[in-house]
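Engineer: To start, I am sharing the structure in question, which I have written as structure tokens.
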Amino acid sequence: MSKTIMQRLQKGEDLVAELTRVCRENNITRGAVQVIGAMEQARLGYYHQDARTYETHAIDQHVEILAGIGNVSLLDGEAFVHLHLTLGDSTCRCMGGHAMEGNIIFAAEAIITEIPGDTLSRTFDEPTGLKLWA
Amino acid sequence: MSKTIMQRLQKGEDLVAELTRVCRENNITRGAVQVIGAMEQARLGYYHQDARTYETHAIDQHVEILAGIGNVSLLDGEAFVHLHLTLGDSTCRCMGGHAMEGNIIFAAEAIITEIPGDTLSRTFDEPTGLKLWA
Amino acid sequence: MSKTIMQRLQKGEDLVAELTRVCRENNITRGAVQVIGAMEQARLGYYHQDARTYETHAIDQHVEILAGIGNVSLLDGEAFVHLHLTLGDSTCRCMGGHAMEGNIIFAAEAIITEIPGDTLSRTFDEPTGLKLWA
């Protein structure tokens, strides 16, 4: 039987690190992630498809997590969370990107759904420069 | 066996009230929610983390529901829907926030997934001023 | 037993066409869809509720797919994917709308969850001018 976890994440902690911890503690290596809540600050990445580099944007304000959408698979043999964020500021304006390190939780409610199936691992993909599912 | 409901919501009704009604009629007290569609008007909230108050923004225009993401748990013993909205206007510009009362449905398609497990209730959380999962 | 598919989508292909292909190859006619990733270009629709016409916006830049949220049901007897997109540009600015034809994948990771139940078909709805669930 596959697991689905509804989990409040800890204030002051890093969002992706917390999600990764929950997956590892529950032995979830394949799954879906959704998160809503708010953050004390955000760090959003944009991948330059031609230059093949991530640019990180610092959002040093309190924001709502409108949608944290992502998945869980293996990277180098360990559970890895790939999460994209849409955020809203005090005027309801939106900003978003790939969730980098440094997203600090104010309050967050995550749902992590284990998905049964074969081992799913990320490996380097030459056409994109990213680590993708084989 | 847990239920998953695919439900068209009624034009002219309040979005959160409709989702709550569907949960209560189906005895869903723990779950995940996703919604897409369009609204006749929107009411979005932003939580001021320091002042501990919600500010409501009135969006008096027709908008697409790009992503309605949320969860179901208990508040005061009854099914409660916590929903965040990302919306798009006629220029594809985005706005978003916590779904307040007053989001009027034009057309909406919801998927509500019951999640088995222990009773999950919201209680007041002193560090944030919000009603969160214990 | 219902299926959940975690699927990398092919670079250079149309996003909605790829999702539709995966559903049809796996005989999924009722379900939920989430996608994250990036696109080489985007085509977003906005439905004018009064005029009852879709306006298409061309986004001729590389964008992140912050949230692709949608569902699968039947239209004219075949699996049909209804998908809404929230996108982010290199400055983390967001734009979004209904996924039209012409969203070209750079890298995309989809999760398609089959939802058991009665046949769910779209038919013309006079009050909105859309093809909705009966």
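The values are calculated or read from the model by the stated rules, or taken from the named source; none is laboratory data. Everything numeric in this text was worked out from a predicted model, so none of it was measured. When we count neighbours, we look across all protein chains shown, and the Cβ atoms used for this are built from the backbone with ideal geometry, even at glycine. Accessible surface areas use protein heavy atoms only, side chains included; no ligands, DNA or RNA. Shrake-Rupley method; radii C 1.70, N 1.55, O 1.52, S 1.80 Å.
Engineer: Per residue of region B:90-101, what does 6.51 cos²θ - 1.76 cosθ + 1.60 with θ = phi - 60° give for ³J(HN,Hα)? Whole Hz please, x for Gly and Pro, Karplus curve as stated.
Structural biologist: 5, 9, 6, 5, 10, 9, x, x, 6, 6, 8, 6
Engineer: Continuing with this model, one more query. Regarding the protein assembly as shown, what whole-number volume in Å³ per residue does the convex hull of its Cα atoms give? Could you put the intermediate results ahead of the total?
Structural biologist: Numbers: hull volume 51.3 nm³, N = 402.
Convex hull of Cα atoms, per residue: 128 Å³.
Engineer: While we're here: For the pairs B:LYS3/C:LYS11; A:LYS3/B:LYS131; B:LYS3/C:LYS131; A:LYS3/C:LYS131; A:LYS131/B:LYS131; A:LYS131/C:LYS3, note any where the Cα-Cα span goes beyond 31 Å. Before the final figure, lay out each step's value.
Structural biologist: Values: B:LYS3/C:LYS11 35 Å; A:LYS3/B:LYS131 25 Å; B:LYS3/C:LYS131 25 Å; A:LYS3/C:LYS131 35 Å; A:LYS131/B:LYS131 39 Å; A:LYS131/C:LYS3 25 Å.
Cα-Cα > 31 Å for B:LYS3/C:LYS11; A:LYS3/C:LYS131; A:LYS131/B:LYS131; rest within.
Engineer: Something else about it: Taking K and R as +1 and D and E as -1, what net charge do the other residues with C-beta under 11 Å from the C-beta of A:ALA134 add up to? Don't skip to the answer; put the middle values down first.
Structural biologist: Working: positive: A:ARG122, A:LYS131, C:ARG8; negative: A:ASP118, A:ASP125.
Charge balance in the 11 Å sphere: +1.
Engineer: With +1 on each Lys and Arg Cβ and -1 on each Asp and Glu Cβ, and nothing else charged, work out how big the dipole of the protein assembly as shown is about its Cα centre, in Debye to the nearest 20.
Structural biologist: Working: 33 positive and 54 negative charges, 126 e Å.
Charge dipole of the protein assembly as shown: 600 debye, to the nearest 20.
Engineer: Here's a follow-up. Take C:SER2 and B:PHE124, extend 7 Å from each Cα along the Cα→Cβ direction, and tell me the distance between the two endpoints in nm.
Structural biologist: My value for the distance between the label points is 3.9 nm.
Engineer: Under the Kirkwood approximation applied to all pairs of distinct alpha-carbon atoms, what is the hydrodynamic radius of region C:4-117 in Å? If you can, show how the numbers build up before the last one.
Structural biologist: On the way: mean 1/r = 0.0705 Å⁻¹.
Every distinct Cα pair counted, the radius reaches 14.2 Å.
Engineer: Hey, another quick one. Quick one: among A:ALA58, A:ALA38, A:ALA99, which has the greatest mean-square fluctuation in a GNM of chain A with alpha-carbon springs under 10 angstrom?
Structural biologist: Of A:ALA58, A:ALA38, A:ALA99, the most mobile in the Gaussian network model is A:ALA58.
Engineer: Using θ = phi - 60° and the Karplus curve 6.51 cos²θ - 1.76 cosθ + 1.60, what whole-Hz ³J(HN,Hα) does each residue of region C:118-134 get, with Gly and Pro shown as x?
Structural biologist: So the Karplus estimates, Gly and Pro as x, are 5, 3, 10, 10, 8, 9, 5, 10, 4, x, 10, x, 10, 8, 10, 5, 5 Hz.
Engineer: What does the copy distance list look like for B:PHE124, label position 7 Å along Cα→Cβ, in nm and ordered from shortest?
Structural biologist: List, nearest first: 5.6, 5.6 nm.
Engineer: Near the amide H of B:ASN103, under 5 Å away, which other amide H atoms are found, from residues 5 or more places off or on another chain, if H is placed in the peptide plane?
Structural biologist: Sorted by chain and number, the residues that satisfy this are B:LEU15, B:VAL16, B:ARG43.
Engineer: Only bridges whose two residues both fall in the protein assembly as shown count here: according to DSSP, what percent of them are antiparallel, nearest 5?
Structural biologist: Bridges in the protein assembly as shown are about 100 percent antiparallel.
Engineer: Here is a follow-up. Can you list, shortest first in nanometers, how far A:ALA58 lies from the same residue in the other copies, with each label 7 Å from Cα toward Cβ?
Structural biologist: So the distances to the same position in the other copies read 3.9, 3.9 nm.
Engineer: Springs between alpha-carbon atoms under 10 Å, Gaussian network over chain B: tell me which of B:HIS98, B:HIS57, B:HIS82 tops the mean-square fluctuations.
Structural biologist: Highest fluctuation of the listed residues: B:HIS57.
Engineer: Pairing rule first: another cysteine's C-beta must sit under 4.7 Å. Under that rule, which cysteines of chain A stay single?
Structural biologist: That list is A:CYS23, A:CYS92.
Engineer: Have a look at A:GLY45, A:GLY97, A:GLY12 and tell me which one the Gaussian network model of chain A (Cα, springs below 10 Å) gives the largest fluctuation.
Structural biologist: A:GLY12
Engineer: Between region B:43-58 and region A:67-129, what's the alpha-carbon centroid distance in Å?
Structural biologist: With region B:43-58 and region A:67-129 each reduced to a Cα centre, they are spaced 26 Å.
Engineer: How much of A:ARG24 can a 1.4 Å solvent probe reach, expressed as accessible area in Å² and rounded to 10?
Structural biologist: 110
Engineer: In nm, what does the list of distances from A:LEU75 to its counterparts in the other copies look like, shortest first, when each label sits 7 Å along Cα to Cβ?
Structural biologist: The answer, with the shortest distance listed first, is 3.5, 3.5 nm.
Engineer: Remind me, relative contact order of chain C in percent, using alpha carbon pairs under 8 angstrom and six or more residues apart? Display every interim value, and only then the final one.
Structural biologist: Numbers: 332 pairs, mean separation 48.3, N = 134.
Relative CO of chain C lands at 36 percent.
Engineer: A follow-up question, please. How big is the charge dipole of chain C about its Cα centre, in debye rounded to the nearest 20, if each Lys and Arg gets +1 on its Cβ and each Asp and Glu gets -1 on its Cβ?
Structural biologist: Numbers: 11 positive and 18 negative charges, 52 e Å.
Here chain C has a charge dipole of around 260 debye.
Engineer: Enumerate the amide H contacts of A:ALA67 below 5 Å, restricted to partners 5 or more residues apart or on another chain; note that Pro and chain-start residues carry no placed amide H.
Structural biologist: Here A:THR86 satisfy the definition.
Engineer: What list of ³J(HN,Hα) couplings, whole Hz, do you get for region A:44-61 from phi and the Karplus terms 6.51, -1.76, 1.60, once you set θ to phi - 60° and write x for glycine and proline?
Structural biologist: 10, x, 10, 8, 6, 5, 7, 6, 6, 9, 8, 9, 9, 10, 8, 10, 8, 8
Engineer: How big is the convex hull of the Cα atoms of region A:1-46, per residue, in Å³? Could you put the intermediate results ahead of the total?
Structural biologist: Working: hull volume 4.7 nm³, N = 46.
Dividing the Cα hull volume of region A:1-46 by its residues yields 102 Å³.
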